1. Looking at the protein assembly as shown only, what percent of DSSP beta bridges run antiparallel? Nearest 5 please.
2. Using the alpha-carbon centroid of each, what span in Å lies between segment A:55-118 and segment A:448-494?
3. How far, in nm to one decimal, is B:P492 from itself in the other copies if the label point is set 7 angstrom along Cα toward Cβ? Shortest first, please.
4. Put the label 7 Å from Cα along Cα→Cβ for A:T380; what are its distances to the other copies, in nanometres, shortest first?
5. Count the net charge of all other residues whose Cβ sits under 10 Å from the Cβ of B:R467, scoring Lys and Arg as +1 and Asp and Glu as -1.
6. Please report the antiparallel percentage of DSSP beta bridges with both residues in chain B, rounded to the nearest 5.
7. What does the helix-only formula give at 222 nm for the protein assembly as shown: each DSSP H stretch with n ≥ 4 adding -39500 (n - 2.57), the total divided by the residues, and the result rounded to the nearest 500 deg cm²/dmol?
8. Roughly what % antiparallel, to the nearest 5, for the DSSP beta bridges in segment B:361-505?
There are 2 protein chains.
Amino acid sequence: MSLKTYFPILDWGRRYNRQTLSSDLIAAVIVTIMLIPQSLAYALLAGLPPEVGLYASVLPLIAYAVFGTSSALAVGPVAVVSLMTAAAVGRVATQGTIDYASAAIMLALLSGVMLVLMGMLRLGFIANFLSHPVISGFITASGLIIATSQVGGLLGIKTEGHALPQLIGSIIEHIGEINLDTAAVGGVALALLLWIRLDLKNWLKRFGVPKGLATVIVRAGPVLVVFLTMAWSALMDLGSKGVALVGQVPQGLPMLSLPSFDFAIIQQLALPALIISIVGFVESISVAQTLAAKRRERITPNQELIGLGASNIAAAIGGGYPVTGGFARSVVNFDAGAATPAAGAFTAIGIASATLLLTPFLAILPKATLAATIVIAVLTLVDFSMLKRAWTYSKADFAAVAITLVGTLLLGVETGISLGVGASILVFLYRSSQPHAAVVGLVPGTEHYRNVKRHKVETVPGVLSIRIDESLYFANARYLEDLVINQVAANPGLTDIVLMCSAVNAIDMSALESLEAIHARLSDLKVRLHLSEVKGPVMDRLLGTEFLAHLSGQIHLSQHQAMLAIAAHRLAAPADAAHRPLDAAS
Amino acid sequence: MSLKTYFPILDWGRRYNRQTLSSDLIAAVIVTIMLIPQSLAYALLAGLPPEVGLYASVLPLIAYAVFGTSSALAVGPVAVVSLMTAAAVGRVATQGTIDYASAAIMLALLSGVMLVLMGMLRLGFIANFLSHPVISGFITASGLIIATSQVGGLLGIKTEGHALPQLIGSIIEHIGEINLDTAAVGGVALALLLWIRLDLKNWLKRFGVPKGLATVIVRAGPVLVVFLTMAWSALMDLGSKGVALVGQVPQGLPMLSLPSFDFAIIQQLALPALIISIVGFVESISVAQTLAAKRRERITPNQELIGLGASNIAAAIGGGYPVTGGFARSVVNFDAGAATPAAGAFTAIGIASATLLLTPFLAILPKATLAATIVIAVLTLVDFSMLKRAWTYSKADFAAVAITLVGTLLLGVETGISLGVGASILVFLYRSSQPHAAVVGLVPGTEHYRNVKRHKVETVPGVLSIRIDESLYFANARYLEDLVINQVAANPGLTDIVLMCSAVNAIDMSALESLEAIHARLSDLKVRLHLSEVKGPVMDRLLGTEFLAHLSGQIHLSQHQAMLAIAAHRLAAPADAAHRPLDAAS
């Protein structure tokens, strides 16, 4: 392990030149323009003042540039993590209070420390337990919840809750209190943003605008909508008409600080911080690996944990809230040509400058504009195609998607994703506790043995070959006993049973005891027990056990050699009554 | 499903005759004699009045005779379940109160209902998740805790707690309050019981007592100790000397009743009831199956759940507490010749008679005698040999035993066993998330392929065969991607990769997506991807997927056919640069 492992900047920094600099600068400008309205909006979604979103887009990006390994990943506030922050912090403090803001900072700090620890302990594999179906169901449900949570902001009514039932209930309850001016701003912003996303590019093309410029204009669209509605707000004095505005925000950048350490709060935030860390990491690593693959680059998952952890610690120090690598933003960064993580650092400088310039004007920005920004951004998260694909492929996978989706919608983000992970692990355990097994025979003309029910194969009377399609462990050990005993009962006249172990990747202590029990039962019935195709690692364990020392049959390298050896043994001992098929059961 | 499935009594009842009757009666007498002191003592261990142990030994035995499938299982109060009852009920009520007794009854009812439901829903497999190492560690730790908890009763001091630290702490705290008369009774009872167990049989043999009679005398030993210390207590008026006596107990049998339904209590008892149900079931089914195997009988696990459930519901109705099949008692029942479950019903009649006869005299029985009975009974539970065997066989299994043992000793029964189950599942998941994989080659002179690192095998340049030793699922899907990509990077000049799937028993949705990702990466590098030895159930799922439709290589029945087909393909297309080893990487 060299220093470069922990500080990837030492690696790519040495190769930095004028060309990578100009690529990174161009990407940074585009990402900055995209990030400004998003970071304001996502902070609002997290229940925080909008400027906190800007704070969370400065130091974390610099930290990632030092510790991260992806050249394209754009770190900052993202929709799903913002929703999860709102749900977690909402349980320990009231929105709008100082306690709320400092709990959000504490959440970022906890999440950062956990990520760094996971990275140093090489626990990146934990993320694998969030399966694709679970992630997909979770992201879709989060998108729906977030979009619904913005209806209030678009219409100027108050809504509450972080799950669908409460949100819809409070929308219905307050539907009579719509503010028409707010709804007008919200509606126009929504329509404009939708048009920018769907149609502006073609429209510019028709007017002969070059493709590069058109792309930049489209990316800048949301910022233009922000300026437009700010002007509307100022001209029509929307604030006096009851339209919710962002209001006065502290000027400039915040002082660097750390939150106060309240142990009771830390205890309540620990589990949400862990879930946020893992979800954020999985979201981030997926996009980072997808983009890296396109350029034939490598991502180091455990170092990515450290990079994201450092970003979150930086977010806490800079007065922000939990951040991670955003999907849409990273794709834009990649398309714009970001060549190294330095692009993120330049974006940070852009956002810091914008913070200094923008804060005086933010007071008149209608919150409905930000709500519209969020709705448009999260529409891409909603994707039901996984439900359909999972249904076709496997009902178990479908169950995992459906449980996560419905659980998240009805019970909120943390419960929903925990249910999904729990369900997918239970399905896996259940499946492996009821293993598939096949009686096998020889495929004619080969040395290959397959299931007698699926292939035309040859078998030998008195010899039963069973292929067990699962590792043997405590959850299926008893099942194996029943299986073999039932097969023996159903096949009178047996002299030999061969357990074909080509699919047995491990045998644990419980399964070893079951094998001993099976062996004892078969010995009573004068049936010899053989094993074939036992794998190296499994054989290493069995050597030196009582089971192997007393085995009535043999261990054969291949199933075919087992059958040949049994045939040879019969020829050699034809008078041995115990091994003659018809007498064995007597 | 005939009525006989749910009422096994209809089956064996028809075949009942004078011979089975006399066998059952003899066994019942011996078990009754053994059960009397044990049931008194175990009730005390559960924190209940001793007579409750007798109540729990009447109706449950009759219920099991009707619904159970084992001819030898002797149901009633057992040590480990009594300890678990004390731990669970102690959290919702204070010992000695009516609330405590009715909570114990509620626990039996809940456990009974759960067991019956599990049986009807055929959920017997849940018990498989208690692995042998976990059970072994749990029983040993419970034995140690129970023995320690009786030190107070033997010395006449007060102790508290259901885990080792509190118990030892309170023994040390109160060590100065020893009552010498109690310690004398306790010491004599302990010494006598130990002598009866270890030496009485040989001693009787030396005096020429026939073997059968000697066995009966040894079994009756504990009852004799009870009578002896009762006489001691009466003659020396031990009660006035501060020796704790059983005291007045209600005469006769209790009225049949059901506990009052307090929802808050039910909620608190639900999880302990579930754990007690599963532990009791596993303990019971293990001994039932061991004994059944000796007589070539069959036990039906799901019907056993119903039998034990009915016993516990009967325990609740009869004013008892949770019961299950006891190990030592069932072995005695078996050895004494019990031929059908009717032996249990006769034992119930014996205990009911004893309850009517004994209760007037129980008042003067020193509790120290019962404490000594418990200590002797649980000594057989303590067995450290599993620790040693697991250490030799597999460190993962050792960890499961050690975690359960230490967890139970330090944190109590419920936490301990939950930690053990959790640890063994985590170990399994971790192992399967980091699967073993081997590059394989042909064993010369056969069609069999094995690991190149372990066997002398032949490989073909440009073709890499990887055998994956695990089902592919979400937890190892990403691992597989890394594995294949790294192998490709390490082997320039590849034209074909064969994934040998003989050990792949399932491919879930996440793994399918990983296979698609691998396929896309390999296609970019102009390497064809083949699969071989795909199992029937896996193939069924893959049919109709995009992955199979676009696969660059083929699916081969056997690894050998895959190699032959690739060789044939090369011969057929020698000019195809993309498939010539040395050009492929360019």
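Where a number appears in this text, it was derived from the coordinates with a stated rule and is not lab data. For clarity, every value in this text was computed on a predicted model and none was experimentally measured. Please note: Cβ atoms are built from the backbone with ideal geometry, for glycine as well, and neighbour counts cover all protein chains shown.
1. Values: 20 of 46 bridges.
The answer is about 45 percent antiparallel.
2. Answer, in whole Å: 54.
3. Those label-point separations list as 6.8 nm.
4. Those label-point separations list as 7.0 nm.
5. Details: positive: A:K535, B:R450; negative: B:D469, B:E533.
That sum, taken over residues with Cβ under 10 Å, equals 0.
6. Values: 10 of 23 bridges.
Percent antiparallel among DSSP bridges in chain B is about 45.
7. Numbers: 53 runs with 747 residues, N = 1172.
Theoretical 222 nm ellipticity from helices: -20500 deg cm²/dmol.
8. Details: 7 of 12 bridges.
The answer is about 60 percent antiparallel.
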